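See structure below.
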Amino acid sequence: MTDATDRELVIRDLRVAPAAKPDHEILQGINLTIRKGETHAIMGPNGSGKTTLSYALMGHPAYVIKGGEVTWKGYNLLALSADKRARLGLFLAFQYPTAIPGLSVASFVRSALNARLQGIDKDPSVDPTDATRGGVSMLEFRKRMRAKMALLKMEDSFATRYVNEGFSGGEKKRLEMLQMAMLEPEFAILDETDSGLDIDALRIVAEGVNAQLNPDMGVLLITHYQRLLNYITPDVVHVLAAGRIVTSGGKDLALRLEEEGYGPILRENGLDAVGNDEDLKVPQEPEAIGSGR
């Protein structure tokens, strides 16, 4: 029987500061449990700590853990390096993916898949390049890659391009989704995947996410726009402000935020001095119309 703890990521009193300013805690005590098969959305005003949370969970060196714990599959996640967290089935889709000139998309994805297949302890009995030893043959890899690219409406030539070099906003986000589709993570963190996308690219990316949702994957969806939740329906919506989760609810909470902004909800939860209501409106439009094609 599978232990229940193998099916949930548990965050307890997580406090995080930037490495450049270790005395300035951005996250001031996050408590959250996300189970496999669940999609949790986090919304919040600018500067509330949404991206800090995603980076802290994946072990980004620009942030330091000041307290708390994160457990996943029996491990203290915070004690592991970023690559070991990925080998344990965590995946982070970046808000601003980096370009890697000279490295093709196919080579990049295959290298990541090979590392994932070897597990956290790099099992020597597994040869990722040998289908008879737990690996994926080149033929099978190409077949799988083409199928996933078709799902995301990407042309085959995309595989030969250099990672994110000259990519539009939409192409960058589709590549993030392609990596997710190929790696089949057990827990996916999507950090503002909708930013910079026009409505057509947003729909394609959302369809790619929805096609991958399954009972064996938990999702933490970080977004600045309620519009993404029109395509990906969350089980729970959390509001992050002033370094902590101030309230949680269903899809209706996101709709209320879109209509009223963050101001009323923050005041209801004792946060009176976060900003004026005009500054706390939920953005209605993407950051760069038309940049997502």
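The values are calculated or read from the model by the stated rules, or taken from the named source; none is laboratory data. These numbers come from a predicted model, not from an experiment. Cβ: placed from backbone, ideal geometry, glycine included. Neighbour counts: every protein chain shown. What goes into the accessible areas is simple: the full protein's heavy atoms, side chains included, and nothing from ligands, DNA or RNA. Shrake-Rupley method; radii C 1.70, N 1.55, O 1.52, S 1.80 Å.
Quick look at the values:
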read-out	value
Percentage of interatomic Cα-Cα distances in the chain larger than 22 Å	60
Exposure rank, largest accessible area first [Glu192, Glu207; 1.4 Å]	Glu207, Glu192
Of Lys50/Lys148; Lys36/Lys148; Lys172/Lys281, pairs whose Cα-Cα distance is over 24 Å	Lys50/Lys148; Lys172/Lys281
Mean separation of Cα contacts under 8 Å (6+ apart) over length of the chain, as relative contact order %	24
Tail fraction, Cα-Cα pairs, region 171-285, threshold 17 Å, whole percent	57
Simple spin-label estimate for Asp127 and Tyr96 in nanometres, 7 Å along Cα-Cβ	4.3
Dipole moment magnitude, nearest 20 debye, the chain about Cα centre, only Lys, Arg, Asp, Glu C-beta charged	880
Rg to Rh, two decimals, where region 91-182 supplies the alpha carbon set and Rh follows Kirkwood	0.98
Cα centroid separation, region 126-184 to region 25-99 (Å)	24
Phi to ³J(HN,Hα) by Karplus 6.51 cos²θ - 1.76 cosθ + 1.60 over region 231-241, Hz, x for Gly, Pro	10, 10, 7, x, 6, 9, 10, 10, 10, 9, 7
Volume per residue of the C-alpha convex hull in region 28-168, rounded to whole Å³	166
Radius of gyration, Dmax [region 149-225; alpha carbons; angstrom]	12.2, 36
Lys/Arg +1, Asp/Glu -1 at C-beta; the chain dipole; positive extreme among Leu190, Pro234, Met177	Met177
Label-point gap, in nm, between Val64 and Asp6 - each point 7 angstrom along Cα→Cβ	3.7
